[in-house]
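Heads up: the structure comes next, in structure tokens.
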Amino acid sequence: MVVIEPETNNFRELVRENLANEQQRKLLGDFSLILKALRDFSFGEMADGHAALQGGQKIREYAVNSLPYLLETFEENATKAGAKVIWARDAREANAFIISLAKEKGADLCVKGKSMVSEEIGLREELIKNGIDTYETDLGEFIVQLAGKRPFHIVGPAINMSVDEVSCLFNQVLGFDKTQNPVDLTMAARIFLRDKFEGAQIGITGANMAVAETGSIILVENEGNIRFSTSAPETHIAVVGIEKVVPTLSDATHMLKLLTRSCTGQRISEYVSVITGPRKAGEVDGPEELYIVILDNGRSRIYADEAMKSALQCIKCGLCAAVCPVYTHVGGYAYGWVYSGPIGAVLNPLLLGLGKAKHLYQATTLCGACKDYCPGGVDIPNILLSLRERAMAGDRSLAADRPPVRQKIFYCLWTWVLMDRLRYKIVSKLFRMVLRIAGVGKLPILPAGLSGWTQCRNMPQPAKKSFHDLYAETSKWMAL
Amino acid sequence: MMHSATNRSIILNRLKRFAVRPDAPIESKIAKNRVHDLDALYSSFSQALTANGGTVIQVNKKDGALESLENIMKELDADTAVISEDSVLKTLGLKEHLNTRGINVLKGEKNPTAHKGTCFSADVGITGADYALADTGTIVIFHGKNNARLLSLAPPAHIAIVEKGKLLPDIDTLVAEIGPSRRDLPSAMTLITGPSLTADIALQAIYGVHGPKKLYVIFIE
Amino acid sequence: MSDSVALFVPCLVDQFLPEIGQSVVKVFRRLGIDFSCDLRQTCCGQPLINAGYTEGAKQVAKRFISIFEGPDYIVAPSGSCIHTVREHYPRLLADEPEWHKRACEVSGRSYELSQFLVSKLGLDDVDARYKARACLHESCAILRRLGISDEPKSLLKNVKGLELVPLNDADVCCGFGGEFAAHYPNISEAIVKDKANNFQASGADILILGEPGCLLNIRGYISHNGLHGRVKHIAEILAGE
């Protein structure tokens, strides 16, 4: 068992490592291309994909703006259907509740569906620490659990492992026979986990959506492990972030269309479970009890911040990562925590503190592809700029570090220069002179902050005369 | 020790300071009911589910259904089956018919543990379906007393027998069709659009990782 | 046209690429557009905004607004500068109602060059001549932040002698991102390398774009690595050979 601590401030080191991995880079590049193509094709099939996208963004915006009222309605309806709704302020509380419930039930085996929020709170590790055997049941998550690694990619947690590596892993940890056949490996996992589905007392999942109108939670998957986790054990616990609620069932089906298309290019996933309360009287399967743990863990703080609020509109489809030029090269590991790609660049700092993830919101070109593709309408580029503003201001409420003094002096001076035409002329002329003397193009001698440019590029040729100079001359000449 | 009710107040009050009351009632938007061309819908359904790895058959009589079923069972080399209490299956006399063909129909268990045992050991699960959605090739099962969840999940093959009249164009019509009873949904409603699928090992598409490897949908007129 | 047009010259053009400014002047003169170039201008303040230094950005924004409040149109050969004026100025000055109003007005009159020519003046043929096989890189600020894509394409289609070929992943970022290129050089390099490779694979001799920052980035990479091809701003193509 490995407890995975955030490595979000190890960004530069992780980037260096990951960029050096040629095989991984090719895989990331190819996979992103495929996901993007599948997404574009599936949106192209819709009567009006663009309108559908905008419709989804509006639904999520509306939902987030009315969040507490929708949560109340959700709770009311879920409770009417027999679910027990529990509210947890943070990871510690959520884990403590779930552990004590498991102990109360005398549970010693738990099966888990893929859930980012449960990774955020380190639930699996806590359960295991408390003597409750817990298995990830999504095949990719199962593999990375056995390997003690972080998921490589949102959509494919273990796709960077070769068949041989998975085979060695299964052989080492579970005693399975080695094989070069991925079907055999999959079937071996199937048999192993089937046994766990049958024997587990508790099933734990997240939820893709919580529907206020009906009190239902909706879960999306292709493998069937979530259907098992929510049908076979006597107790089902669903951990749901406060932001997951949508108003109505028709809103939910609209978001569903965008979610599966954005995530894997599917019109719909192989299985969609709409769960409304525990099993009813006379039913022979399904959980006797359904606990829905509504989790805050820093989200209400984000909610209170107008500039950051739209981050909660995210539906966790992973498309932003597939279209992000930074993610496509550095991969998920570099983001150092549960969330990766553009939404990771936003959520990791907001949830962990700006000082703990200081590179994530700086290492972006702000190209805006993420925003253009996002079905939830998250304004990632502007949130990133806001994060930079708060970092520059040393905002303690977001746990930003105090910015180095020289940084503030630098930008203060830069502003001072730009505020006066003569100053600008003189300083820029000096700057160009220095560049010319330093040897432009082939010989990079630059102030430390800018030397990164010349690692792979020539310096631009500084103009002998600036445009302003030239224009002034011509105007003078033209006035004669 | 955490106190849920207190947390609830704290969280909701904090959020309400920055929230806007919903300006519309929390009611699904329902499109008008249309008349459906069942043949066209069947055609779409068949195309979509077949492309997704399922097998779709249309028969026009009880005998046709039983014959198709037999062929499938032979193809699967199946010995045991679990079946749901769906009225369509009862009308077909499914249990009796399968018994006469040498297929052991495992007894429907009332005890959850025993029920798990039979579902996990059967070769095939046979159920009905409440709706079928044409544009995605999806069958919709309202789980309840008559349609237990594990029947369509645990056995390595799942056969669904559906009345053709249950075909709807898409998921939006489903919401419209459910109508006011969406206020009283079953404990679980499952939408199934193909066999269980994964590509988690080296991006190789493999069927039947946890759920059934084979899915058959037989439409009866 | 009788409306007044003010030319805004991005600081990168002023300092490193004055020929782009000169090209814009040449095109305006050819079209008989009466324009002014207020030499009090310095910079739109984008680098300060990107760094999160809002106190400085606000000052620079106010200065820009004061200088450019008069003319009917403000035109710049850059999408990122215009995006800064359009989207960020009103946001920066949101809590100063008077300045916010002025920012919104200036914002509503600011245009990227190709959008000004095609959408405002209704001209997609500027009587340009440029013999070359070329492809178009769609800079992020122009394509995504301003939503401009058809305008540069229709202008280039009418340039005599210009053969346009497709560029793979034309809508993918080039890896400039302002200070990003210098602060995260290894990531920036990975991204610009893809762009350069796609350029090489296109068979074009010239890569055309509308953003000075992208230009310096891609041109710098190509020259450093001895790759084939030249990078030109769309203004230079429209100004002709």
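The values are calculated or read from the model by the stated rules, or taken from the named source; none is laboratory data. Computed from a predicted model, the values in this text were never measured in an experiment. Heads up, the Cβs are rebuilt from the backbone with ideal geometry, glycines too, and the neighbour counts pull from every protein chain shown.
For the stretch C:11-35, the set of residues classified as within 19 Å of C:Leu121 (Cβ to Cβ), of a type in the set (Asp, Glu) and within 11 Å of chain A (Cβ to nearest Cβ) is empty.
The set of residues from the stretch A:210-237 being touching a Leu at 6+ places or on another chain (Cβ under 7 Å), outside any loop (DSSP other than H, G, I, E, B), within 24 Å of B:Asn7 (Cβ to Cβ) and small (Gly, Ala, Ser) comprises just one member, A:Ser216. Residues in the stretch A:72-119 that are out of contact with any helix residue (DSSP H, G or I) (no Cβ under 8 Å at 6 or more places or on another chain), facing chain B (nearest Cβ under 9 Å), at negative phi and among the small types (Gly, Ala, Ser): A:Ala81, A:Ala96, A:Ser100. Taken over the stretch B:111-120, the residue count meeting the criterion of being among the hydroxyl-bearing types (Ser, Thr, Tyr) and either at the interface with chain A (Cβ under 9 Å from one of its Cβ atoms) or more than 20 Å from the chain's Cα centre (by Cα) (or both) is 1. The residue that is farthest from B:Val217 (Cα to Cα), among those in the stretch B:25-50 that are modelled with pLDDT of 90 or more and hydrophobic (A, V, I, L, M, F, W, C), is B:Ile26. When we screen C:Leu17, C:Leu48 for residues that are closer than 23 Å to A:Lys429 by Cβ, without any contact (Cβ under 8 Å) to a residue 40 or more places away in the chain and crowded, with 20+ Cβ neighbours inside 10 Å, the only hit is C:Leu48.
Per-residue answers, yes or no, for (1) of a type in the set (S, T, N, Q); (2) surrounded by fewer than 24 Cβ atoms within 10 Å (Cβ to Cβ); (3) farther than 26 Å from A:Leu385 by Cβ:
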{"residue": "A:Glu270", "(1), (2), (3)": "no, no, yes"}
{"residue": "A:Val284", "(1), (2), (3)": "no, yes, yes"}
{"residue": "A:Ile292", "(1), (2), (3)": "no, no, yes"}
{"residue": "A:Gly298", "(1), (2), (3)": "no, yes, no"}
{"residue": "A:Lys309", "(1), (2), (3)": "no, yes, no"}
{"residue": "A:Lys316", "(1), (2), (3)": "no, yes, no"}
{"residue": "A:Val326", "(1), (2), (3)": "no, no, no"}
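Scanning the stretch A:192-239 for residues that are of a type in the set (Asp, Glu) and surrounded by fewer than 24 Cβ atoms within 10 Å (Cβ to Cβ) yields A:Asp195, A:Glu198, A:Glu213, A:Glu234. Residues of the stretch A:112-127 that are closer than 25 Å to A:Gly332 by Cα and of a type in the set (A, V, I, L, M): A:Met116, A:Val117, A:Ile121, A:Leu123.
Tallying residues that are surrounded by 13 or more Cβ atoms within 10 Å (Cβ to Cβ) and not hydrophobic (A, V, I, L, M, F, W, C) within the stretch B:14-26 yields 3. Return yes or no: is A:Leu35 of a type outside the set (Val, Ile, Thr) and over 30 Å from C:Asp171 (Cβ atoms)? It is false that A:Leu35 is of a type outside the set (Val, Ile, Thr) and over 30 Å from C:Asp171 (Cβ atoms).
Does at least one position in the stretch C:184-200 carry a residue that is in contact with a Pro (Cβ under 8 Å, 6 or more places away or on another chain), within 30 Å of C:Arg30 (Cβ to Cβ) and free of Cβ contacts under 8 Å to residues at least 60 places away in the same chain? No, every residue in the stretch C:184-200 fails to be in contact with a Pro (Cβ under 8 Å, 6 or more places away or on another chain), within 30 Å of C:Arg30 (Cβ to Cβ) and free of Cβ contacts under 8 Å to residues at least 60 places away in the same chain. Scanning the stretch C:143-176 for residues that are within 14 Å of chain A (Cβ to nearest Cβ), touching a Leu at 6+ places or on another chain (Cβ under 9 Å) and free of Cβ contacts under 8 Å to residues at least 24 places away in the same chain returns a single hit, C:Ser149.
Against the definition (outside the structural domain of C:Ala76 (by TED's automatic domain parsing), at pLDDT below 95, under 15 Å from the mean Cα position of the chain (by Cα) and not polar (S, T, N, Q)), how does C:Gly213 come out, yes or no? The answer is no for C:Gly213. Is the stretch B:148-163 home to any residue that is away from chain A (no Cβ under 12 Å) and surrounded by fewer than 22 Cβ atoms within 10 Å (Cβ to Cβ)? Within the stretch B:148-163 (the criterion being away from chain A (no Cβ under 12 Å) and surrounded by fewer than 22 Cβ atoms within 10 Å (Cβ to Cβ)), the answer is yes, since at least one residue qualifies.
If the requirement is being in contact with an Asp or Glu (Cβ under 8 Å, 6 or more places away or on another chain) and more than 7 Å from chain B (Cβ to nearest Cβ), which of these qualifies: A:Asp138, A:Asp164? Exactly one residue qualifies, and that residue is A:Asp138. Per the conditions (1) in contact with a helix residue (DSSP H, G or I) (Cβ under 8 Å, 6 or more places away or on another chain); (2) more than 14 Å from chain B (Cβ to nearest Cβ); (3) under 29 Å from B:Arg14 (Cβ atoms), the sole criterion not satisfied by A:Glu125 is (1).
Restricting the stretch B:132-147 to residues that are without any contact (Cβ under 8 Å) to a residue 60 or more places away in the chain and surrounded by fewer than 22 Cβ atoms within 10 Å (Cβ to Cβ), the residue that is farthest from the other protein chains (Cβ to nearest Cβ) is B:Phe142. Within the stretch B:196-207, the set of residues being more than 7 Å from chain A (Cβ to nearest Cβ) and under 18 Å from the mean Cα position of the chain (by Cα) comprises just one member, B:Tyr207.
Inspect the stretch A:105-117 for any residue being part of a helix (DSSP H, G or I) and over 26 Å from A:Thr276 (Cβ atoms) and give the result as yes or no. Checked the stretch A:105-117: no residue is part of a helix (DSSP H, G or I) and over 26 Å from A:Thr276 (Cβ atoms).
Those strands (runs of 3 or more DSSP E) of the stretch C:58-154 in which 3 or more residues are within 16 Å of the chain's Cα centre (by Cα) occupy C:73-76, C:110-112. Of all the criteria given as (1) within 24 Å of B:Leu69 (Cα to Cα); (2) more than 7 Å from every other protein chain (Cβ to nearest Cβ); (3) out of contact with any Gly (no Cβ under 8 Å at 6 or more places or on another chain), the one not satisfied by B:Pro212 is (3). All of C:Glu69, C:Glu96, C:Glu87, C:Glu105 fail the test of being acidic (Asp, Glu), at the interface with another protein chain (Cβ under 9 Å from one of its Cβ atoms) and surrounded by fewer than 23 Cβ atoms within 10 Å (Cβ to Cβ), apart from C:Glu87.
Name the residues in the stretch A:78-104 that are over 30 Å from B:Arg183 (Cα atoms), assigned to a helix (DSSP H, G or I) and either in contact (Cβ under 8 Å) with a residue 12 or more places away in the chain or not assigned by TED's automatic domain parsing to the domain that holds A:Arg279 (or both), would you? A:Ala91, A:Asn95, A:Ile99, A:Ala102, A:Lys103, listed by residue number. Within the stretch B:162-189, residues that are within 28 Å of A:Met46 (Cβ to Cβ) sit with their Cβ atoms under 8 Å from residues that are assigned to a helix (DSSP H, G or I) and among the acidic types (Asp, Glu), at 6+ positions apart or across chains, in these pairs: B:Leu168/B:Glu177. Of all the criteria given as (1) in a loop (DSSP other than H, G, I, E, B); (2) more than 21 Å from A:Tyr271 (Cβ to Cβ); (3) more than 10 Å from chain B (Cβ to nearest Cβ), the one not satisfied by A:Ala207 is (2). B:Ala129 passes all but one of (1) at positive phi; (2) more than 8 Å from chain A (Cβ to nearest Cβ); (3) surrounded by 24 or more Cβ atoms within 10 Å (Cβ to Cβ); which number fails? Checking B:Ala129 against (1) at positive phi; (2) more than 8 Å from chain A (Cβ to nearest Cβ); (3) surrounded by 24 or more Cβ atoms within 10 Å (Cβ to Cβ), the one that fails is (1). Restricting attention to the stretch A:354-401, which residues are of a type in the set (Lys, Arg), away from chain C (no Cβ under 12 Å) and in contact (Cβ under 8 Å) with a residue 12 or more places away in the chain? Across the stretch A:354-401, the qualifying residue is only A:Lys356.
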